[in-house]
Amino acid sequence: MKIALAQLNYHIGNFSSNTAKIITAIENARAQQAEIIVFSELAIGGYPAKDLLQNATFLKQCSESITTIASHCQDILCIIGAPVPNTDPEGKALYNAAVCLENGKITHISKKGLLPNYDVFDEYRYFEPNRKFACFIFKKTKIALTICEDLWDDDQGNNSYVGDPMSELLQENPDLLINIAASPFSYVHYQDRVAVLKAQVAKAKRPLLYVNQVGAHMDIIFDGRSLAIDENGAICCELKKFEEDLQIIEYRDQTIKATTAFTVPQDQQIALIHDALLLGLRDYFRKSGFKKAVLGLSGGLDSALVAALACEALGSENVLAILLPSIYSSDHSIQDALDLVKNTNCTHHIIPIKDITQAYETTLAPFFEGQKAGVAEENIQARTRGTLLMAISNKFGHIVLNTSNKSEAAVGYGTLYGDMAGSISVIGDVYKSKAYDLARYINRNKEIIPSNTIEKAPSAELRPDQKDSDSLPPYDLLDEILFLYIEKQKSKEEILAQGYDVNIVEKIIKLVNNAEFKRFQAPPILRISPKAFGPGRSMPLVAFYQ
């Protein structure tokens, strides 16, 4: 029996596009003599649909799409994720389900039991957890069908769920395991994902087919990389990363094999981050109906990195770089920015901000009389730049790209309504030290980001001879401590136990905690780490932090 794994990029709420794409995949699979085709979790309607799942019209369209797709499932079984009604008056109105469609009708429904509500997930808000699990039979093959988290049981030590759907299903001695998922990308998640899948195969001693979503939905990026793992725990097929794909697997007598040659890829972490950011940026524009981007180009690393990524993702003809030099902008920074414009072939304009900032300072002089110049005057420059970028956005419809990195966002090294402005934060989940690696990767074949931009000491250039190191520890050290505090959620005592200086650790933790109100007002961030700012790290604004 041939089984097709269909890894598609869905657009939340775009039922006509999603349904047409699904039907095309079914016809493609049938043409290759597949008897089963498997799609990802909540493919009907898209994931995460959030409060659209409480909208009656949205749910009606989900039901209509299922009916339409079922009519195309002649001589083929379609397994697809969808929200389905809970007919019991008790509990939430919906189940997160895997629906089996065959010959124009629904033949089986498997419902998700383990509903994540950590990090970026909030499934308990919408779905009722399933409490009874059973296999189903298709052409004498007993299939254990689960949805994403139902494989991540307590035996793996990754959660605190009560219950284990797979243990119940394995009691029925299934022939084949199938899991449909919407598992977001992070640069460390793939290894955990594979370990969990292989652990389930080891317990069942049966092959497993895993179909994941691909595509980006604002901040959340799905990497795809659907898998077929044989009964011995060997990966015999992996679908493309960050791209749509359809592959055929041959199943016979409790064993599987791929129909095309496959070797396990040796992934480079920084390459994965690069590809994830491209997909996130491209899908944000495509799915929102935007075409062109604008950003401030300073000659520094971060804006150069965002400009290079935007040109690659959107096309350089769709990227407008605005150079906004002040009296403190160095000649080499302006030249570095111009060199990047030349290397990427994007459009650019130069708008000096000296006269505008002087007008602000003159207007505020009576209020600031007797006060020493400082951060307020520095931030006037950043806010002038933000205002100009937003004006260009309003006039021409270009979307402003935020260029702040994660290190800056963590410690509040950014200006509200200034350099924190933007519709999407492209590298807000990329630490500064990793930004250097990303820049070098972009330059792997030829120089895109000027070498001087990478090599010079980072500076905001808001006062004479300013350097980031004037107020922050070296970025390598800063990022190590930030990673422990944010991603690993270590306490101060646990971080100090690793040998870091107490004064530096206390300073960094205080900066992170005090900057929460800034991050609350920041644009959405493309998530590439296991713990990104935003929905994945929800902190109170007015708490008393120790």
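What follows is calculated from the coordinates using simple rules that are stated; it is not laboratory data. Not measured: the values here are computed from a predicted model. Note that we place each Cβ from the backbone using ideal geometry, even for glycine, and neighbour counts take in every protein chain shown.
What is the calculated FRET efficiency for GLU172 to GLN268, with r their C-beta to C-beta distance and R₀ = 35 Å, to the nearest 0.05?
Working: r = 41 Å, r/R0 = 1.18.
Given R0 = 35 Å and the Cβ-Cβ separation, E is 0.25.
If I take R0 = 60 Å and measure r between the Cβ atoms of ILE350 and LYS60 in this structure, what FRET efficiency does the formula 1/(1 + (r/R0)^6) give, to the nearest 0.05?
The value I calculate is 0.70.
Beta carbons within 10 angstrom, averaged per residue: use that to sort the peptides 376-389, 403-416, highest first.
The most tightly packed comes first, giving 403-416, 376-389.
Along the charge dipole of the chain, Cβ charges K/R +1 and D/E -1, which of PHE367, LEU389, CYS62 sits furthest on the positive end?
Value computed over the given set: CYS62.
PRE reach from GLN254 (point 7 Å along Cα→Cβ): which of region 174-214 fall under 19 Å by backbone N?
174-179, 198-209
When the Karplus curve 6.51 cos²θ - 1.76 cosθ + 1.60 is applied with θ = phi - 60°, which whole-Hz ³J(HN,Hα) does each residue of region 471-482 get, with x for Gly and Pro?
With coefficients 6.51, -1.76 and 1.60, one gets 10, 10, x, x, 4, 4, 5, 4, 5, 4, 6, 4 Hz.
Count the DSSP beta bridges whose two residues both fall in the chain, then state the antiparallel fraction as a percent rounded to the nearest 5.
55
For a quick protection proxy, order the peptides 240-251, 525-536 by their average other-Cβ count within 10 Å, most packed first.
Sorting 240-251, 525-536 by mean packing, highest first, produces 525-536, 240-251.
How about region 1-102: which GluC sites (Glu not before Pro) there are in a DSSP loop, with at most 16 other Cβ atoms within 10 Å of their Cβ?
Within region 1-102, the qualifying GluC sites (Glu not before Pro) (loop, at most 16 other Cβ atoms within 10 Å) are GLU90.
Would you mind checking which residues have amide H under 5 Å from GLN247's amide H? H placed 1.01 Å from N; only 5 or more apart, or other chain.
Excluding prolines and chain starts, which carry no amide H, the hits are LEU5, GLN7.
From the residues SER167, PHE222, GLY289, which one has its Cα farthest along the dipole of the chain in the positive direction, the dipole being from +1 and -1 charges on Cβ of Lys/Arg and Asp/Glu about the Cα centre?
It is GLY289, whose Cα lies furthest towards the positive end.
With contacts defined as alpha carbon pairs under 8 Å and 6 or more residues apart, what's the relative contact order of the chain in percent?
11
Listed highest first by mean packing, meaning other Cβ atoms within 10 Å per residue, what order do 182-188, 365-371, 442-448, 324-330 come in?
Averaged packing, sorted descending, gives the order 182-188, 324-330, 442-448, 365-371.
Under the Karplus relation 6.51 cos²θ - 1.76 cosθ + 1.60, θ = phi - 60°, what is the ordered set of whole-Hz ³J(HN,Hα) values for region 251-263, x standing for Gly and Pro?
So the J values, rounded to whole Hz, are 10, 7, 6, 6, 9, 10, 8, 7, 8, 10, 4, 8, 10.
Using the Karplus equation 6.51 cos²θ - 1.76 cosθ + 1.60 (θ = phi - 60°), what ³J(HN,Hα) coupling, rounded to whole Hz, does each residue of region 83-97 give in order, writing x for Gly and Pro?
Per residue, the Karplus-derived 3J(HN,Hα) values read x, 10, x, 8, 6, 7, x, 8, x, 5, 6, 10, 10, 7, 10 Hz.
Tally Lys and Arg at +1 and Asp and Glu at -1 over the other residues with C-beta under 11 Å from the C-beta of GLY412: what net charge comes out? List each step's numbers first, then the result.
Numbers: positive: LYS510, LYS518, ARG519; negative: GLU408, GLU516.
In short, +1.
How many angstrom lie between the Cα centre of region 353-395 and the Cα centre of region 215-291?
Answer, in whole Å: 47.
Which percent, nearest 5, of DSSP beta bridges in region 2-260 are antiparallel?
65
Using modelled backbone amide H atoms (1.01 Å from N, in-plane), which distant-in-sequence or interchain residues come within less than 5 Å of THR347's amide H?
VAL319, ALA321
Using unit Cβ charges (K, R positive; D, E negative) and no other charged atoms, how large, in debye to the nearest 20, is the dipole of region 1-99 about its Cα centre? It would help to have the intermediate numbers written out before the result.
Numbers: 6 positive and 8 negative charges, 43 e Å.
Using only the charged Cβ atoms, the result is roughly 200 debye.
Once amide H atoms are placed 1.01 Å from N in the peptide plane, what residues at a sequence separation of 5 or more from ILE37, or on another chain, have their amide H within under 5 Å of its amide H?
HN-HN under 5 Å from ILE37: ALA4, LEU77, CYS78, ILE79.
What does the charge dipole of the chain about its Cα centre add up to, to the nearest 20 debye, if the Cβ of each Lys and Arg holds +1 and the Cβ of each Asp and Glu holds -1? Spell out each step's value before the answer.
Details: 55 positive and 66 negative charges, 197 e Å.
Dipole magnitude for the chain comes out near 940 debye.
Return the label of the correct value of log10 I(q)/I(0) by the Debye sum over Cα atoms at q = 0.05 Å⁻¹, as calculated from the structure shown, out of (i) -0.24; (ii) -0.27; (iii) -0.21.
The value matching this structure is (i).
Tell me, in nm to one decimal, what length is gained between PHE290 and GLU487 on full extension, where the rule is 0.36 nm per residue of separation less the Cα-Cα distance?
67.7 nm
Compute, for region 2-260, the length of the dipole vector about the Cα centre, with Cβ point charges of +1 (Lys, Arg) and -1 (Asp, Glu) only. Units Debye, rounded to 20.
With only Lys, Arg, Asp and Glu charged at Cβ, the dipole is about 520 debye.
First select every other residue whose beta carbon is under 10 angstrom from the beta carbon of LYS111; then total the charges, Lys and Arg +1, Asp and Glu -1.
So the surrounding residues net to +1.
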